[in-house]
Amino acid sequence: MTWPAPVTLADDVVRLELLSPDHAEGLIEAVRDGELWKLWYTSIPSPDGMGDEITRRLGLHGDGKMLPFTVFGAAGQVIGMTTYMNVDAVNRRVEIGSTWYRASAQRSGINTACKLLLLGHAFETLNCIAVEFRTHFFNHQSRRAIERLGAKQDGILRAHQIGADGMLRDTAVYSITAAEWPTVARHLRFLLRR
């Protein structure tokens with residue numbers, strides 16, 4: 001059996017369902033909102049590359065390495081993508097990453113709602129011992145968002161990856177442990193009520 005198994009996660013704000021080629025049109029519309037693929041410090045598919053990215057993520061899902069989601073808003077509009085990745089079933093660890101949201105949904109509570117669902121499922125259903133987050137050192141917006149969740153920085157992996165343009169990427173690594181989850185969950189619920 002694949003771990004984690006496909007699941008739909010939802011609350012009053014967002015719905016996360018298994019990524020599907022049927023979501024391509026909505027994802028293309030979402031990525032055009034803010035021309036997100038033009039950000040140099042992250043890797044977000046362009047409208048022309050969306051089909052290939054869906055195929056790539058579903059291939060990794062088929063290999064048991066990833067559980068990719070399409071993020072929908074309460075009204076059913078496609079907001080973006082997020083993923084359980086770098087799945088380690090033996091040690092019950094996942095990374096939440098490859099996340100992006102249309103520009104008009106950023107700073108709206110969408111990320112907090114998504115992370116509450118994903119973290120809750122990881123710790124309460126999958127019994128994870130830790131959940132990791134990684135981002136480019138220069139992606140300050142993402143780093144602040146991860147820190148606002150309550151994740152703690154584990155360190156910086158220097159010269160960690162070579163980007164598509166040949167530039168070296170330093171990667172900031174964060175995590176939340178199972179012992180920290182009850183306090184983090186309370187914090188996220190507080191943020192959503194504000």
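The values are calculated or read from the model by the stated rules, or taken from the named source; none is laboratory data. Note that the coordinates shown come from a computational prediction; the quantities given were computed from them, not determined experimentally. Glycine gets a Cβ as well: all are built from the backbone with ideal geometry, and neighbour counts include every protein chain shown.
A residue that is at pLDDT 95 or above, surrounded by fewer than 21 Cβ atoms within 10 Å (Cβ to Cβ), among the β-branched types (Val, Ile, Thr) and more than 17 Å from the chain's Cα centre (by Cα) cannot be found anywhere in the stretch 8-16.
Cβ separations smaller than 6 Å between residues 6+ apart or across chains give the following pairs from the stretch 1-28 residues that are farther than 20 Å from Ala113 by Cα and in contact (Cβ under 8 Å) with a residue 24 or more places away in the chain to residues that are among the small types (Gly, Ala, Ser) and part of a loop (DSSP other than H, G, I, E, B): Thr2/Gly64; Trp3/Ala89. Of the set (1) farther than 17 Å from Ser43 by Cα; (2) part of a helix (DSSP H, G or I); (3) touching a Ser or Thr at 6+ places or on another chain (Cβ under 8 Å); (4) among the charged types (D, E, K, R), all apply to Glu132 but (2).
Condition first: in a loop (DSSP other than H, G, I, E, B) and closer than 21 Å to Thr42 by Cα. Can you find one or more residues in the stretch 147-161 that meet it? Taking every residue of the stretch 147-161 in turn, at least one turns out to be in a loop (DSSP other than H, G, I, E, B) and closer than 21 Å to Thr42 by Cα. Picking from residues in the stretch 149-177 that are out of contact with any Ser or Thr (no Cβ under 8 Å at 6 or more places or on another chain) and charged (D, E, K, R), the one that is modelled with the lowest pLDDT is Asp165.
The set of residues in the stretch 147-191 that are farther than 22 Å from Lys38 by Cβ, surrounded by 14 or more Cβ atoms within 10 Å (Cβ to Cβ) and among the hydrophobic types (A, V, I, L, M, F, W, C) comprises Leu149, Ala151, Leu157, Val173, Ile176, Ala178, Trp181, Val184, Ala185, Leu188, Leu191. Just one of the listed residues (Ala75, Ala30) is of a type in the set (A, V, I, L, M, F, W, C) and crowded, with 19+ Cβ neighbours inside 10 Å, and it is Ala30.
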